[in-house]
């Protein structure tokens, strides 16, 4: 590769817990109860099988394959496409004593000059933030809380997080949105937009109450209905949390000529505004969700065994 550059990026942290406790967390990478990967703020690690040599997957747009795995000690992922470059990243846990260990992450990839510039501009701040949050989650899981302030999220990392955040997709009006269907017999307009729920995002529809600033009109299991009536039209919004997705469905019933004229104008911007409020609420909800180290704390070694040693 002409002009190839090698990127080496190393993070380390000393954790006041035994290596077997932290190593047990590494063994749960990509599992449903993964305590380390910093979801839902950042993309989850998804593999096509349980963690082990040959497992293939990635996180976000980064693709890799497990090429070496020592349970409780280390795991290595080699890149499987040229999206980032040719190389690997590796998690490792090194014992430093009966109640102390060093956890590390090493990234080494060979890239062309254009991708080297891209890495420095966009990928590196996100990568560094994610790794430090992984270390934070390790400490949360084995210690019960962080012994220091959480990792800082630089502005550049947050900017790319915002730019790359998932976007709503159009969807049919859900058949099981019972409250919405019961609200109007024959609505003059309906539309629905859906977004997937990342691990750790709430499944209670009341947690999504902030999507729109309308009064609550009812709740039924996974559905929350908001709405407002006026002399020219009635509006309803259904927030349905089901099948690992949140769906925002709106329905409008027009009353008179004023309502039809008003809606003829508003209808042009309604889809864009609906997508915007759902995407904004989705991201805000992710940032407000408990980190993986709190949600999935299940230390392999009971804390009382090593803290009293």
Could you check, for segment 155-168, whether at least one of its residues is over 24 Å from residue 295 (Cβ atoms), touching a strand residue (DSSP E or B) at 6+ places or on another chain (Cβ under 7 Å) and touching a residue at least 60 places away in the same chain (Cβ under 8 Å)? yes
Within segment 170-191, can you find the residues that are in contact with a helix residue (DSSP H, G or I) (Cβ under 9 Å, 6 or more places away or on another chain) and under 17 Å from residue 279 (Cα atoms)? 170, 191
For residue 183: the one exception among (1) at pLDDT below 95; (2) more than 30 Å from residue 296 (Cα to Cα); (3) crowded, with 18+ Cβ neighbours inside 10 Å: (1)
Does residue 68 count as more than 24 Å from the chain's Cα centre (by Cα), in a helix (DSSP H, G or I), farther than 30 Å from residue 163 by Cβ and modelled with pLDDT of 95 or more? no
For a quick check of your reading: which strands (runs of 3 or more DSSP E) sit entirely within segment 216-269 and have at least 1 residues that are crowded, with 19+ Cβ neighbours inside 10 Å and in the same structural domain as residue 176 (by TED's automatic domain parsing)? 223-229, 233-242, 245-254
Looking for something without any contact (Cβ under 8 Å) to a residue 40 or more places away in the chain, assigned to a strand (DSSP E or B), more than 30 Å from residue 144 (Cβ to Cβ) and over 22 Å from the mean Cα position of the chain (by Cα) - is there at least one such residue anywhere in segment 270-283? no
Exactly one of (1) closer than 23 Å to residue 280 by Cα; (2) touching a strand residue (DSSP E or B) at 6+ places or on another chain (Cβ under 6 Å); (3) surrounded by fewer than 18 Cβ atoms within 10 Å (Cβ to Cβ) is unmet by residue 122. Its number? (2)
Using the structure shown, decide if residue 63 is over 24 Å from residue 22 (Cβ atoms) and part of a strand (DSSP E or B). yes
Give the residue that is surrounded by the most Cβ atoms within 10 Å (Cβ to Cβ), with candidates limited to residues of segment 96-118 that are in contact (Cβ under 8 Å) with a residue 60 or more places away in the chain, more than 28 Å from residue 28 (Cα to Cα) and out of contact with any helix residue (DSSP H, G or I) (no Cβ under 8 Å at 6 or more places or on another chain). 116
Looking at (1) at pLDDT 95 or above; (2) not in a loop (DSSP other than H, G, I, E, B), can you tell me which one residue 201 breaks? (2)
Could we say that residue 207 is surrounded by 14 or more Cβ atoms within 10 Å (Cβ to Cβ), modelled with pLDDT under 95 and in contact with a helix residue (DSSP H, G or I) (Cβ under 7 Å, 6 or more places away or on another chain) here? no
Every residue from segment 1-31 that is touching a strand residue (DSSP E or B) at 6+ places or on another chain (Cβ under 6 Å) and in a helix (DSSP H, G or I): 19, 22, 23, 26
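Yes/no matrix, rows are residues, columns are (1) in contact (Cβ under 8 Å) with a residue 60 or more places away in the chain; (2) crowded, with 22+ Cβ neighbours inside 10 Å:
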{"site": "17", "(1), (2)": "yes, yes"}
{"site": "32", "(1), (2)": "yes, no"}
{"site": "43", "(1), (2)": "yes, no"}
{"site": "61", "(1), (2)": "no, no"}
{"site": "66", "(1), (2)": "no, no"}
{"site": "81", "(1), (2)": "no, no"}
{"site": "89", "(1), (2)": "no, no"}
Conditions (1) under 20 Å from residue 176 (Cβ atoms); (2) at pLDDT below 95; (3) not in a helix (DSSP H, G or I); number of the one not met by residue 301: (1)
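The values are calculated or read from the model by the stated rules, or taken from the named source; none is laboratory data. None of the values given here were measured: they were computed from a predicted structure. So basically every Cβ, Gly included, is an ideal-geometry build from the backbone, and we count neighbours across all protein chains shown.
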